[in-house]
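Read the structure below first, then the notes.
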Amino acid sequence: MSLTIDRSSLQRVVAVINNKGGVGKTTLCANIGGILAEAGWRVLVIELDPQGNLGLDLSYRYTEGDDKGSGLSKSVLFGDALQPLKNVRPNLDVLPGGEHIEILDKGISPRMSQSGTEGTAARLSLATSLAAIADEYDLILLDCPPNIDSIQMLAVAAARYILIPAKADDASIDGLRLTARRLDKVVDINPEVDLLGVVNFDSSTSETKVRQEFADDVVEALESEEARKFIFTSYVRHSGATAKAARKKRLLVHELEKSVKKQEKWYEALRRGAKHVSAGPQAAGNVADSLYAVTQELTARLTAAEAEQSESEAANV
């Protein structure tokens, strides 16, 4: 007997995933979520990573609401209702991850390996839990860990779209290739899942040739020239100083940019006879602009995909 779920409420679930670590998955989830929430979207970010770094970016780490993934794990394993941490920013809710995700991995993996309905139910357990609250949000982002097969499987089985961030290096491209293969493994229980795009993370304006080679590598990894259309024209700018300052100050990049713009100028502090204290690097503005561009392209791709789906459904009526 097969098991299916109603996916009507899961049409705006995007899994941000790459089998390689350090390619910007958490950065994208936090900043895209924050930018859209500030624009009035109701956003939920689900952290499926035991490292819990999303809590650093969104400044709820070590607070009372940070359950380190306990609530999320109980929902997937035992069917408890999901209870997001509300308004970590206006319009932005979070289901925290952390050390309990490792317990979730150990608990769900044996169930997934079972045949028949039991195995299918296990693979769909996140999707089933999420379907009960998904209508409350305009967008749901799944921050996926690298190299934890069971958790990645849960995410891809729940998602309507996949977003793959990658750097222009061989390890990132290999991770992208493995991620694409994972899609094939869930098509039986999630036939609607589709690739939304591939984002080049940590690039610079001078690396035009590098980004061209990156596009060629993506096409080769996905084994289709058609894959070129999935590569975002926008990319996330590199600035190590900005990344360090944003996480240290518990600010998103666009929030850091605003802080930098408001700060007292060095000569104003000198005039007062005081020491100038920097709010952050000037490069924050460039990185923020690139994240705004990626966010705008993501929403445009979502809208276009949904319009195409509506046209297809109308033609089949």
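Couplings for region 90-102, taken from phi via the Karplus curve 6.51 cos²θ - 1.76 cosθ + 1.60 with θ = phi - 60°, read x, 6, 10, 10, 9, 9, x, x, x, 4, 5, 5, 5 Hz in order; Gly and Pro are left as x.
Annotation: amide H-H contacts under 5 Å for residue 124 (H modelled 1.01 Å from N, sequence separation of 5 or more, or interchain): none. Taking Cα centre as origin and charging only the Cβ of basic (Lys, Arg, +1) and acidic (Asp, Glu, -1) residues, the dipole magnitude of the chain rounds to 1520 debye.
For the peptides 247-256, 17-26, residues were scored by their other Cβ atoms within 10 Å and the scores averaged per peptide; the highest-first order is 17-26, 247-256.
The Stokes-Einstein estimate for region 28-181, based on a Kirkwood radius over Cα pairs and taken at 10 °C with 1.306 mPa s viscosity, is a diffusion coefficient of 100 µm²/s. Put the Cα centre of region 176-240 next to the Cα centre of region 1-45 and the gap is 16 Å.
3J(HN,Hα) along region 78-85, derived from phi through the Karplus expression 6.51 cos²θ - 1.76 cosθ + 1.60 where θ = phi - 60°, amounts to 10, x, 4, 5, 5, 10, x, 6 Hz, with x in place of Gly and Pro. Taking the average, over residues, of other Cβ atoms within 10 Å as the packing measure, peptides 196-206, 48-58, 303-313 rank 48-58, 196-206, 303-313 from highest down. For region 47-62, putting each phi into the Karplus relation 6.51 cos²θ - 1.76 cosθ + 1.60 with θ = phi - 60° gives couplings of 9, 9, 10, x, 5, x, 6, 4, x, 6, 5, 9, 6, 9, 4, 6 Hz, in residue order, rounded to whole numbers and with x for Gly and Pro.
Roughly speaking, what % of Cα-Cα pairs in region 9-76 are separated by over 20 Å, rounded to a whole number? Result: 34 percent of Cα pairs exceed 20 Å. Computed on the chain, with alpha-carbon pairs under 8 angstrom and 6+ residues apart, the relative contact order is 21 percent. The three principal axes of the C-alpha atoms in the chain carry coordinate ranges of 78, 47, 38 Å, sorted with the longest axis first. For region 151-205, the Kirkwood radius over C-alpha pairs fed into Stokes-Einstein at 37 °C and 0.692 mPa s yields D = 276 µm² per second.
To the nearest ten degrees, helix 170-186 and the longest principal axis of the Cα atoms of the chain are 30 degrees apart.
Look at the dipole of the chain built from charges on Cβ: of 151, 21, 34, the Cα furthest out on the positive end belongs to 34. Working note: 222 nm ellipticity from helices only, DSSP H runs with n ≥ 4, each -39,500 (n - 2.57), summed and divided by the residues of the chain, gives -15000 deg cm²/dmol to the nearest 500.
Values in this text are rule-based calculations from the coordinates and carry no lab data. Source: prediction; values computed, not measured. Backbone-built Cβ (ideal geometry, glycine too); neighbour counts: all protein chains shown.
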